[in-house]
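Undergrad: Below is a structure I'd like to ask you about.
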Amino acid sequence: MRIKRAFSARKRQALTPMSDNTVLKPAPMVTHKLQKLLAQSGLGSRREMEALIASGQVSINGKVAKLGDRVGSRDLVRVNRRIIRININERLPRIILYHKPEGEIVSRHDPEGRPSVFDKLPQLKSSRWIAIGRLDFNTSGLLIFTTNGVLANRLMHPRFQVEREYAVRIVGRLTPEQKSQLLTGIELEDGLAKFNDLSEQGGEGANRWYHVILKEGRNREVRRLFEALGLTVSRLIRIRFGPIHLPPRLKRGMWHQLDENETAYLLELVNGTSPSGVIAKHSKLNLT
């Protein structure tokens, strides 16, 4: 009875006509940092957008934008002369998993005219694909592409310590001493490097397979670590990036776009990780 009376009282209050003195104030416009929204629009990482703003190439309502500016849904944003449709509501980004074969580069332009991974991706009208991490010309495996620069930065930036796992085939077998060196650290030309985990996976004849895990993405780091011990890598495949494993049914040269549920789950995993934490090895998108 009390619940009914309380509801009736609220209903009567809601239906009470406003007096002539009532002033309706427009709701304040919700704003966001310009560089964040530009990154979410798929134009590049947040750092790239900050550089773009600092160079004077971005304007808001006809005025040159500055770092720290905020924009809302009613603002007109241009990059050079191009109008950028700012997505205030932050729709789910598009995310694609691509099984890169050997013999493709992770770049849009190549002076040598080699095949590019971007040639295989679906065309976008108002944004662009951002590669999350890179693989060299002779490395195959998982590549992730998104239209959201913030997500790309969240997965790639060294401070987030996101794991990358590789399957490595070498000629010969690692000795206990070599395993210890690879796990404790080897001095390379660009600093100390090491694997966070290393496990033997068998092999045939003189070839042996190992799975290794890194938490950074330095150029050719896996190959250089083995080369420092006088070992040559004959096959290198990335099989996992953070919580995303290379889907077993995804053939080389093919891509798979995450659906809304998969995308939402990935964003939940990523956003649930503290800046100093790790996207856990056991967190996994169940893709087939």
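Undergrad: Give the accessible surface of region 37-136 per residue, rounded to a whole number of Å², with probe radius 1.4 Å and ligands, DNA and RNA excluded.
TA: For region 37-136, the per-residue accessible area is 59 Å².
Undergrad: Okay, moving on. Among 239-249, 46-56, what's the highest-first ranking by average C-beta atoms within 10 angstrom per residue?
TA: 239-249, 46-56
Undergrad: Which FRET efficiency, nearest 0.05, do Leu188 and Lys125 yield, Cβ-Cβ r, R0 35 Å?
TA: In this case the efficiency is close to 0.25.
Undergrad: With every protein chain present, what accessible area does Tyr166 have (1.4 Å probe, heavy atoms only), rounded to the nearest 10 Å²?
TA: 20 Å²
Undergrad: Near Asn153, within a Cβ-to-Cβ distance under 12 Å, what is the net charge of the other residues, with Lys and Arg +1 and Asp and Glu -1?
TA: +3
Undergrad: Just reorder His99, His109, His157 by solvent-accessible area, largest first, 1.4 Å probe, all chains present.
TA: So, going from the largest accessible area down, we get His109, His157, His99.
Undergrad: I would also like to ask the following. Any idea what the relative contact order of region 86-200 is, in percent, if you count C-alpha pairs under 8 Å spaced at least 6 apart?
TA: Relative contact order for region 86-200 comes out at 21 percent.
Undergrad: Hey, another quick one. Considering amide H positions built from the backbone, and no H for Pro or chain starts, which residues 5 or more places from Ser116, or on another chain, come under 5 Å of its amide H?
TA: Correct list: Ile105.
Undergrad: Too long at a 30 Å Cα-Cα cut-off: which of Lys100/Lys215; Lys36/Lys63; Lys33/Lys125; Lys66/Lys215; Lys125/Lys251; Lys66/Lys100?
TA: Cα-Cα > 30 Å for Lys66/Lys215; Lys66/Lys100; rest within.
Undergrad: Turning to a different aspect of this structure: Roughly speaking, what is the stretch gain from Gln201 to Val171, that is 0.36 nm per residue apart minus the C-alpha to C-alpha distance, in nm to one decimal?
TA: This chain segment gains 9.4 nm when fully extended.
Undergrad: Another question, if that's okay. Quick one: how many Å² of Phe195 are accessible to a 1.4 Å probe, rounded to 10?
TA: The accessible area comes out at roughly 0 Å².
Undergrad: Could you please put Trp209, Trp255, Trp129 in sequence from largest to smallest accessible area, using a 1.4 Å probe?
TA: Trp255, Trp209, Trp129
The values are calculated or read from the model by the stated rules, or taken from the named source; none is laboratory data. Fair warning: this is a prediction, and the values are worked out from it, not measured in the lab. Don't worry about glycine lacking a Cβ; one is built from the backbone with ideal geometry, like all the others, and counts go over all protein chains shown. Accessible surface areas use protein heavy atoms only, side chains included; no ligands, DNA or RNA. Shrake-Rupley method; radii C 1.70, N 1.55, O 1.52, S 1.80 Å.
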